[in-house]
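Student: After the structure tokens below, expect a handful of questions from me.
Values quoted throughout were computed directly from the atomic coordinates according to the rules given, and no laboratory measurement underlies them. All figures in this text were calculated on a predicted structure; none of them were measured in a lab. Note that we place each Cβ from the backbone using ideal geometry, even for glycine, and neighbour counts take in every protein chain shown.
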Amino acid sequence: MSHSFSISYVKEMEVLLDANVEILKEKISGFCDRQEAFDLKKLLHYYTIDVLGELAFSQSFGVQMADDETLVPPVKEHNGDPAGQKRKDILTNLILATHPDTGEHLTQTDLETEAFGFIIAGTHTTSATTALLFHHLLHAPAALSKCVAEIDANLPPLLSTAAAAYPAALASSALPYPRACVRENFRITPVFTLPLARRVTAAAEGITIAGRHVPQGVS
């Protein structure tokens, strides 16, 4: 399953992600041209739903174009679906995944649970985090200007072409300031507010945090 969440998999999907970004850009540009107020959080939420559809189920839900998330169609069966063989999505990888020790596959209930998580947990956390990032940047004009300048200087204009408009390798190496803003956004307003278990996994000597020694295995 690790491949489904790896950088290499994201690179394979970049063209599809760019196509959905183009729709989002056109939506926002339309509101700006008409000088209409709009709900950015809703637009980002619809964009996220369509992207997760592409990544998890090999098909966009078309929510951005329909402008209505209640019209999301039922997820079609993947088992034995020839169309699903054209490219491996996350759900297909789950179906094919086996336990490293027993060789067993996930049960139907497991698959349904994971699919539900993609749609519900994945969309809301991602869209909310992105909306909060824009909120912080719009309230910090200097930071926003620096982000825009760095993006304009290092990335080509977003175009609907056969090649990915925003190569992940380029974005990760050439955009240190926007990436720092994303991390700061995670720190200031984490969407997932439940306490996550943390355990020191360093070597036997443990680690030192703010001058205090924390042994290995401490949670």
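Student: Using a cut-off of 20 Å between alpha-carbon atoms, which aspartates and glutamates can reach K11, once sequence neighbours fewer than 8 places away in the same chain are excluded?
Tutor: Output for K11: E22, D50, E54, D89.
Student: Roughly how many nanometres apart are two label points built 7 Å out from the Cα toward the Cβ at A149 and A197?
Tutor: So the label points at A149 and A197 sit 4.6 nm apart.
Student: Ranked highest first by average number of other Cβ atoms within 10 Å, how do 32-41, 130-139 line up?
Tutor: Per-residue Cβ counts within 10 Å, averaged per peptide and sorted highest first, yield 130-139, 32-41.
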